[in-house]
Amino acid sequence: MSSSWEYKPLISIIMPVYNPDTQHLIEAIESVQKQVYPHWQLCIADDASSETSDIKDILHNYEKNDARIKVIFRSRNGHISAASNSALSLATGEFVALLDHDDVLHPLALWFVAETIVKNPNVGLIYTDHDKLSLDGTRCNPYFKCDFNIELMLAHNLVAHFSCYRLNLVNKIGGFREGFEGAQDYDLALRCIECLAPEQIIHIPHVLYHWRISEKSTASCLKVKSYATTARLKSASDYLKRNNLPGRVVPHPELEGMNRIEPQFSNTLPLVSIIIPTRDRVDLLKPCLDSIYSMTTFPSYEIIIVDNASEDPETKEFFLHLEQKGVNIIRDEGIFNYSRLNNLAAKEANGELLCLLNNDTQIITPHWLEEMAFFAIKSDVGVVGAKLFYVNNKVQHGGVVLGLGIHRVAGHSFTGISSEQPGYMGRAGIQQELSAVTGACQLLRKSVFWEVNGLDESLAVNYNDVDLCLRVRDAGYRNIWTPFAQLYHVGSASRGKDTTSEKFSRFEQEIEFMQERWGKLLLKDPFYSSNLSLENGYTLAFPPRSF
């Protein structure tokens, strides 16, 4: 399979060993020996395992019978970081990969890694999907990952199992840091990542690593190694400090093993212009505004109402009341066009940040604007989205997946799950980069909005929010979704459903517009695994979609 390659990279596998189950150790070593790709070396450091065990005899035997296996025996126990560095000192390959002493590699693991290196000569970090091995050896809990995502990485170790690094990079940063035991691989990854461009980090969407669940492993429960939590939080916190990034890393309030970045602002808070298009329906608009006034703790905002040809006397009287309170009311008599209405308001907005907000929303979390503005003010961030709920507390929007749904344009993630459910691998509850977020609540810098010429008025109703996000990404910005800004959203309450023939025809035209503009991108969302379905979000695709 690799015989035709001119370049066959040598991959050094680092394995620290300390008192493992002997059968599990044997399975780990032999999973390396069974690799289809032959150009590897296994670098093992025994961290002073018990003299009464068979570990040393087993390691001596493998080293004696396979020249590709190199073993160093440490005279005293130094814990996993020190042992990993000892193993690292044996490595002579261009790349080093990490393997725990009781885990198992898929036979094609190194072949896929080597192929990726050959096709991407500047790659610095490669990571794969993984699953777990239960106590009886059954494979379970596969993690089908997305392409690299630093927000997701700061929430948990996205690249762990199986990860492979360029050796000179690992040596450059000083290898594994002692004092980070339990999260030493997470810390290593974060320190390597900050030295790499995004295109140098490549994800292989195959399950190539089997992580064994044991009584001593974090694969079963983080409480097994409480020190791992401390090390994990410090790893992420140090990353922020090294890169002069604001925020405070704390344990996720609901998801064990996950981090959460709390907002911190060093400068004066920017003015946010909250833009709300509406047509009559005071019964929706008033609760929306009341929730903003009563709940919002962010001190610096203005409200702009775009009145799209309201006729109800009650509405007109309500607008007079709002104007007396200083609310800017912009009047537009044209047919409904969400994009045009927001563009009109954006031209009059005084804020550095624009918040595009539907009139059928209500604030749940008082710090919603802090959570969103924390990301939106960053120079590399474009659009920021929130977590939206139906009034029955079921999730309405947990981000957008491109291609999801029968029309293969875009759909909401995690719709219908309860507020307590974490979603697939916790992704309904952690901050992350996404391709797009819903326009029911979007926050972005006004400069970014106009850099991409605002919302496209060719999309009057549907997908204008997704299109905006994709154009913002094309301009070089990252779109972020945070679950810590939460609102209720009724959904289409003001303008109604697309049930008439005229509305359905327009909807079909908007679908065609998106497919023509964005093409194959709609079927290859970088933040959604090709192993997952586009019919039902975050469920297994069978067979897998093309990679």
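Structure notes:
- Test result for residue 214, modelled with pLDDT of 95 or more and either within 19 Å of the chain's Cα centre (by Cα) or assigned by TED's automatic domain parsing to the domain that holds residue 20 (or both): no
- Any chance residue 305 is among the β-branched types (Val, Ile, Thr), out of contact with any Asp or Glu (no Cβ under 7 Å at 6 or more places or on another chain) and in the same structural domain as residue 487 (by TED's automatic domain parsing): yes
- Given (1) more than 22 Å from residue 167 (Cα to Cα); (2) assigned to a strand (DSSP E or B), number of the condition residue 58 does not satisfy: (2)
- Yes/no for residue 173 being modelled with pLDDT of 95 or more, β-branched (Val, Ile, Thr), in contact with a Cys (Cβ under 7 Å, 6 or more places away or on another chain) and crowded, with 22+ Cβ neighbours inside 10 Å: no
- Filter result (farther than 30 Å from residue 300 by Cα and not basic (Lys, Arg)) within segment 377-411: 392, 401, 402, 403, 404, 405, 406, 407, 409, 410, 411
- Selection status of residue 31, in contact with a His (Cβ under 9 Å, 6 or more places away or on another chain) and not assigned by TED's automatic domain parsing to the domain that holds residue 107: no
- Condition check for residue 196: touching a Gly at 6+ places or on another chain (Cβ under 6 Å) and farther than 16 Å from residue 103 by Cβ: yes
- Looking only at residues of segment 221-255 that are surrounded by fewer than 16 Cβ atoms within 10 Å (Cβ to Cβ) and part of a loop (DSSP other than H, G, I, E, B), we find that the one that is modelled with the lowest pLDDT is 221.
- Enumeration of residues in segment 1-31 that are surrounded by fewer than 22 Cβ atoms within 10 Å (Cβ to Cβ), outside any helix (DSSP H, G or I) and aliphatic (A, V, I, L, M): 1, 10
- If the condition is being polar (S, T, N, Q) and surrounded by 21 or more Cβ atoms within 10 Å (Cβ to Cβ), then segment 433-485 contributes 435, 438, 442, 462, 464, 479, 482.
- Residue 528, sole failed condition from (1) within 30 Å of residue 288 (Cβ to Cβ); (2) modelled with pLDDT of 95 or more; (3) aromatic (Phe, Trp, Tyr): (1)
- Subset of segment 282-321 (residues that are in a loop (DSSP other than H, G, I, E, B) and either within 31 Å of the chain's Cα centre (by Cα) or crowded, with 18+ Cβ neighbours inside 10 Å (or both)): 296, 297, 298, 299, 300, 310
- In segment 403-417 there is at least one residue that is of a type in the set (Val, Ile, Thr), in contact with a helix residue (DSSP H, G or I) (Cβ under 6 Å, 6 or more places away or on another chain), surrounded by 20 or more Cβ atoms within 10 Å (Cβ to Cβ) and not in a helix (DSSP H, G or I).
- Odd one out for residue 315, checked against (1) in contact with a Gly (Cβ under 9 Å, 6 or more places away or on another chain); (2) modelled with pLDDT of 95 or more; (3) of a type in the set (Ser, Thr, Tyr): (1)
- Scanning segment 74-103 for residues that are outside any loop (DSSP other than H, G, I, E, B) and not polar (S, T, N, Q) yields 79, 80, 82, 83, 87, 88, 95, 96, 97, 98.
- Residue count, segment 43-98 (criterion: in contact with a Gly (Cβ under 9 Å, 6 or more places away or on another chain) and hydroxyl-bearing (Ser, Thr, Tyr)): 4
- Considering only residues in segment 256-276 that are at negative phi, of a type outside the set (A, V, I, L, M, F, W, C) and assigned to a loop (DSSP other than H, G, I, E, B), the one that is surrounded by the fewest Cβ atoms within 10 Å (Cβ to Cβ) turns out to be 266.
- Residue in segment 493-515 that is on the phi > 0 side of the Ramachandran plot and at pLDDT below 90 present: yes
- Boolean, residue 297 is touching a residue at least 60 places away in the same chain (Cβ under 8 Å) and not hydrophobic (A, V, I, L, M, F, W, C): yes
- Residue list for segment 144-171, restricted to those being among the basic types (Lys, Arg) and under 18 Å from residue 87 (Cβ atoms): 166
The values are calculated or read from the model by the stated rules, or taken from the named source; none is laboratory data. Bear in mind the structure is a predicted one, so any value in this text is a computation, not a measurement. Cβ: placed from backbone, ideal geometry, glycine included. Neighbour counts: every protein chain shown.
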